[in-house]
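The structure appears right after this line, and notes come after that.
The values are calculated or read from the model by the stated rules, or taken from the named source; none is laboratory data. This one's a predicted model, so the numbers in the text were calculated from it and none came from an experiment. Cβ: placed from backbone, ideal geometry, glycine included. Neighbour counts: every protein chain shown. The area values use the complete protein model at the heavy-atom level, side chains included, leaving out ligands, DNA and RNA. Shrake-Rupley method; radii C 1.70, N 1.55, O 1.52, S 1.80 Å.
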Amino acid sequence: MSISDKITAFLDMDASPARRAFEECLSEDGDFEVLGDGEEFADLLVRELDPSRGEEELEAVAEIVARRGEREVFLTAGEYDAEVLMRLMRQGVREFFPQPVSQEEVRMALWRYKARREGRHGQRGSKQGRIINVFGAKGGVGTTTVAVNLAAACLGHKAGASVALMDMNLPFGEAQLFLDIAPKYHWGEVLGNISRLDATYLLSVMSRHASGLSLLAPPSRLDDLQMATPENISSLLALMRQVFDTVVIDLGMYLDEITLKVMDISDAIVLVCVQNLPCLANVRRFLDNIRQAQAGLEEKLRIVVNRHLGESELTVEDMENALGLPVYWRIPNDYKTTLAAINQGKTLLEAAPKAPVTRAIADLAKNLAPAPEPEQKRRLFGLKLLTGRG
Ligand SMILES: Nc1ncnc2c1ncn2[C@@H]1O[C@H](COP(=O)(O)OP(=O)(O)O)[C@@H](O)[C@H]1O
Ligand SMILES: [Mg+2]
């Protein structure tokens, strides 16, 4: 398995013999990578229980387990009592390791973890996040608005979801302005080091927004684009979909071999347009191009009418008739609300959670990236009780 296929683990514990035991077992296993940062992205969290915090600690663990959904939590503790353990186990903690930690027990637990994971994913290896790209039929139709808020909505409708927003507008990405962040790095830097790319490195070049979104900004200098080849972008996206549940890409409005490659890899191509003739003409040209370029792209196409007006010289039905294709979604016209969110550096969910425009994008997200089937009820006695004090 290549480095980017690794299962990511995060150790929420101080330097100690117990921590060393986990580090050694995880690195010797070969399928795991220990993240230095970013617990929320790790497939597996190992936490050291702090019994001195009493009830507060137990509530914190319960909250973490619930938030992480199907991404498992292991616990270790020097002291514990059996009743507390039973309670944690009912809450969904998967494995418990009394200290001193036995490396043999850790190895077996990692082995069991992988078996469960294979069962969940129906295959060996990491998750396969969904990639949704957003393309504009014309400048100014709301491509960035849809991309940013679609990503934010994906974050909102599934507990513990990790969502990335990748901006591919060159050379001026605006997603960072919409989110009021000043990224230090951009994806041009990782392309130059693609063979060294792993989850830790990827996360280190991304910027976090208060909403929880992770942004991967574009290079703003043409010099940084030398390594931007369809192959390198593919490698980057392959890793991104292993780290994130959903990756939303603001692809801008240029068709070239890179954007076509991104469309090829994506699970859905959202084409944003508005109700006017130039847009209609561009959607037609877009269709001609993707039909010629490659089989399979049209099936993934989802035409979205932004700034939708019921009363318009060009109705959605007219557009559907002219295109011979259905319009997948309509997002209502609300310039005031969308602009206010942009000016505040907030997502629509933060700035105007109840507005119809916000709800329309949230529903679009639910349709494009449905939350997975609820996991089977956790095994009540899934925790392996090991010998130890207590
Ligand atoms: N649903 C909408 N209703 C009204 N105005 C919108 C809507 N979506 C976006 N806009 C406005 O359109 C302008 C351009 O949006 P932007 O997302 O930057 O477009 P693009 O990325 O296609 O250039 C912004 O001022 C934004 O407020
Ligand atoms: Mg834009």
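Summary table below
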quantity: Largest-first ordering by accessible area, 1.4 Å probe, given options 22, 10; calculated: 10, 22
quantity: Accessible heavy-atom area order of 311, 55, highest first, probe of 1.4 Å; calculated: 311, 55
quantity: Total charge dipole magnitude, the chain, about the Cα centre, Cβ charges on Lys, Arg, Asp, Glu only, Debye to nearest 20; calculated: 760 debye
quantity: Phi to ³J(HN,Hα) by Karplus 6.51 cos²θ - 1.76 cosθ + 1.60 over the stretch 211-227, Hz, x for Gly, Pro; calculated: 5, x, 5, 10, 9, 10, 7, x, x, 9, 10, 4, 4, 7, 9, 4, 8
quantity: Residue 63 accessible area, assembled protein chains, probe 1.4 Å, Å²; calculated: 100 Å²
quantity: Heavy atoms of residue 196: accessible area, 1.4 Å probe, square angstrom to 10; calculated: 140 Å²
quantity: Share of pairwise Cα separations in the stretch 140-298, more than 23 Å, in percent; calculated: 37 percent
quantity: Gap separating the Cα centres of the stretch 78-104 and the stretch 131-157, nearest whole Å; calculated: 43 Å
quantity: Formal net charge of residues neighbouring residue 143 (Cβ-Cβ distance under 14 Å; K, R +1; D, E -1); calculated: 0
quantity: Accessible area of residue 80 in the full protein assembly, 1.4 Å probe (Å², nearest 10); calculated: 40 Å²
quantity: Convex hull volume of the stretch 3-121 per residue (C-alpha atoms, cubic angstrom); calculated: 105 Å³
quantity: Karplus (6.51, -1.76, 1.60) ³J(HN,Hα), θ = phi - 60°, over the stretch 182-189, in Hz, Gly and Pro reported as x; calculated: 10, x, 7, 10, 9, 6, x, 6
quantity: The chain - share of DSSP beta bridges that are antiparallel (%, nearest 5); calculated: 5 percent
quantity: Solvent-accessible area per residue, Å², over the stretch 1-80 with all protein chains present [probe radius 1.4 Å]; calculated: 42 Å²
quantity: For the chain, fraction of C-alpha pairs farther apart than 40 Å, in %; calculated: 23 percent
quantity: Centroid-to-centroid separation of the stretch 301-346 and the stretch 1-68 [C-alpha atoms, Å]; calculated: 44 Å
